[in-house]
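Heads up: the structure comes next, in structure tokens.
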Amino acid sequence: MTARAWSLEESLEMPVPPDAVYAAVADVRQMRDWSPEVIWTWRRGRRFTGFNRRAFWVWFTTCRIVIADPGREFAFDVTIFGLPVARWGYRMTPTAAGTLVTEYWNDHRRHGWRRRITDMLGLVFTGTPAARRAARNREGMRITLSRLRTSVGGDAVVTPGR
């Protein structure tokens, strides 16, 4: 089996300062208002549990905040049953009109035998085969950014990912 390192980015400009966007994304309890999968979060310090749903599948992940740089970047590593899954994050770049928010995902944490188990759990819990994960995540990122922009103020226009 060959190694893979999927990563995605989607960006959207928001007419608010970077600190306002950071405050929103750093309050992980709000993620259920934006993400098409998150239904609830429970946070304790730098760790939180996310409860997710896709169609009739429901699952949970445990997350650890690894970057908390106010106004610049917020990121967390995701695990399921102790197995590494991915890193999700948000970068905020000031612009003349407000803030360019880039949501990113990287599954660099999956490798070896753990990747096979995590991929199988991903299929069982989300109904998404590993080969479709990137496309599904890109779709979810676009929805999340659009809803986030509406939440913090403004109409949404998504900038295609890289």
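The values are calculated or read from the model by the stated rules, or taken from the named source; none is laboratory data. What you see is a predicted model, and the numbers here were worked out from it, not measured in a lab. Cβ placement follows ideal geometry from the backbone for every residue including glycine, while neighbour counts extend to all protein chains displayed.
Among the residues making up the stretch 14-36, those that are touching a Gly at 6+ places or on another chain (Cβ under 6 Å) and either of a type outside the set (D, E, K, R) or not in a helix (DSSP H, G or I) (or both) are 14, 15, 16, 18, 22, 36.
Residues that are modelled with pLDDT of 95 or more, surrounded by 15 or more Cβ atoms within 10 Å (Cβ to Cβ) and not aliphatic (A, V, I, L, M) do not occur anywhere in the stretch 105-114. Within the stretch 77-85, at least one residue is loosely packed, with under 15 Cβ neighbours inside 10 Å, free of Cβ contacts under 8 Å to residues at least 24 places away in the same chain and farther than 18 Å from residue 137 by Cα. What number of residues within the stretch 47-74 satisfy the criterion of being part of a loop (DSSP other than H, G, I, E, B) and polar (S, T, N, Q)? Looking only at that region, the number is 0. Scanning the stretch 6-52 for residues that are small (Gly, Ala, Ser) and more than 16 Å from the chain's Cα centre (by Cα) yields 20, 45. Listed by first and then second residue, the pairs with beta-carbon distance under 6 Å, at least 6 apart or on different chains, first residue in the stretch 51-62 and among the polar types (S, T, N, Q), second modelled with pLDDT under 85, are 52/59; 61/80. In the set 69, 33, only one residue is charged (D, E, K, R) and over 16 Å from residue 143 (Cα atoms); that residue is 69.
When 64, 87, 142 are checked against the criterion of being closer than 17 Å to residue 34 by Cα, modelled with pLDDT of 80 or more and touching an Asp or Glu at 6+ places or on another chain (Cβ under 9 Å), a single residue qualifies: 142.
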